[in-house]
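First the structure, in the form of structure tokens, and then the observations on it.
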Amino acid sequence: GQNIDQPTEMTATEGAIVQINCTYQTSGFNGLFWYQQHAGEAPTFLSYNVLDGLEEKGRFSSFLSRSKGYSYLLLKELQMKDSASYLCAFMFSGGYNKLIFGAGTRLAVHP
Amino acid sequence: DVKVTQSSRYLVKRTGEKVFLECVQDMDHENMFWYRQDPGLGLRLIYFSYDVKMKEKGDIPEGYSVSREKKERFSLILESASTNQTSMYLCASSSPGVGNQPQHFGDGTRLSIL
């Protein structure tokens, strides 16, 4: 079966660092995506990992361990505008760029 | 920038009505997708299409159908709307192929069935 788990909610302080974890249990892996979704808006693409290791993009980094079925999104120097839901999504190797999404982690950044 | 446009942001319909949700993308993407998003459940795939006139069922196709007559347009149809189809509906598109080909989403249609 397919199972993707991530925490439901997290809180953090402005300026701090937060790590959002995602674990998956499925087969046919072809990549792991992270999306950001502000309330009432469309999800927007943040990062993609297909090989093990850390991918850094400014304040955001994403890590993948395929052997452990584990990824995390790291947000540094948190800003109030980072308050949003963060969606972890698994891509199948079967084609068509089909994604399976986790339920999302709602992050609240406080002053 | 990729633009995925959904025809309505908010829609209210009655039980038993036939409902059409329209989605248009301007990047000549082959793949298009329809999801619904519900609290605590995340995005769930209803149907997707990888070419004109081609369609594949996703994880929750019951009660829905789709149409892809032109490459840029992908329509979701609720044959006979029911209250359990009240949800946020999101359309997405992407290029085919391997590697980093993210899906690009529209702003969503919040559909209420009364």
Practice problem: Quick one: compute the contact order of chain A, relative version, from alpha carbon pairs under 8 angstrom and 6+ residues apart, as a percent. | Solution: 36 percent
Quiz item: What is the mean number of Cβ atoms from other protein chains located within 10 Å of the Cβ atom of each residue in peptide A:43-52, rounded to a whole number?
Solution: 3
Quiz item: So for B:R68, B:R110, what's the accessible-area order with a 1.4 Å probe, most first?
Solution: B:R110, B:R68
Quiz item: What is the calculated FRET efficiency for B:R44 to A:L74, with r their C-beta to C-beta distance and R₀ = 25 Å, to the nearest 0.05?
Solution: 0.40
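Measure off, as a whole percent, the carbon and sulfur share of the 1.4 Å-probe accessible area of the protein assembly as shown, all protein chains present.
The C+S portion of the solvent-accessible surface of the protein assembly as shown is 49 percent.
Rounded to the nearest 100 Å², what's the accessible area chains A and B bury against each other, both chains counted, probe 1.4 Å? Walk me through the numbers on the way to the answer.
Working: alone 6150 and 6380 Å², together 10740 Å².
That pair of chains buries around 1800 Å² in total.
Rounded to the nearest 0.05, what FRET efficiency is calculated for A:I17 and A:S93 with R0 set to 35 Å and r the Cβ-Cβ distance? Before the final figure, lay out the partial values.
Values: r = 33 Å, r/R0 = 0.93.
That pair, A:I17 with A:S93, gives E of 0.60.
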Exercise. Please work out the C-alpha center-to-center distance from the range A:5-21 to the range B:53-76 and express it in whole Å.
Key: 36 Å
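Remind me, relative contact order of chain B in percent, using alpha carbon pairs under 8 angstrom and six or more residues apart?
Value for chain B: 36 percent.
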Exercise. Specify which residue in the list A:F60, A:L75, A:N49 is farthest towards the positive end of the charge dipole of the range A:28-111, using unit charges on the beta carbon of Lys, Arg (+1) and Asp, Glu (-1), about the Cα centre.
Key: A:N49
Self-check item: Cα radius of gyration and Dmax for the range B:57-114 (Å)
Solution: 13.4, 43
Quiz prompt | Heavy atoms of B:D28 accessible to a 1.4 Å probe, total area in Å² rounded to 10 | solution = 100 Å²
Quiz item: B:Y10 versus A:E55, label points 7 Å from Cα toward the beta carbon: distance in nm?
Solution: 3.7 nm
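Is chain B best put as rounded, prolate or oblate by its Cα gyration tensor, with a ≥ b ≥ c the root eigenvalues, rounded for a/c under 1.5, and otherwise prolate when a/b is larger than b/c, oblate when not? Could you put the intermediate results ahead of the total?
Working: a/c = 1.74, a/b = 1.64, b/c = 1.06.
In terms of gyration-tensor shape, prolate.
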Quiz item: Cα-based Rg (one decimal) and Dmax (whole number) for the range A:1-89, in Å?
Solution: 12.9, 39
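The values are calculated or read from the model by the stated rules, or taken from the named source; none is laboratory data. Treat the numbers as computed from the prediction; the structure is a model and nothing was measured. Methodologically, a virtual Cβ is constructed for each residue, glycine included, from the backbone with ideal geometry; neighbour enumeration extends over all protein chains shown. Calculation scope for accessible area: heavy atoms of the full protein, side chains included, ligands and nucleic acids excluded. Shrake-Rupley method; radii C 1.70, N 1.55, O 1.52, S 1.80 Å.
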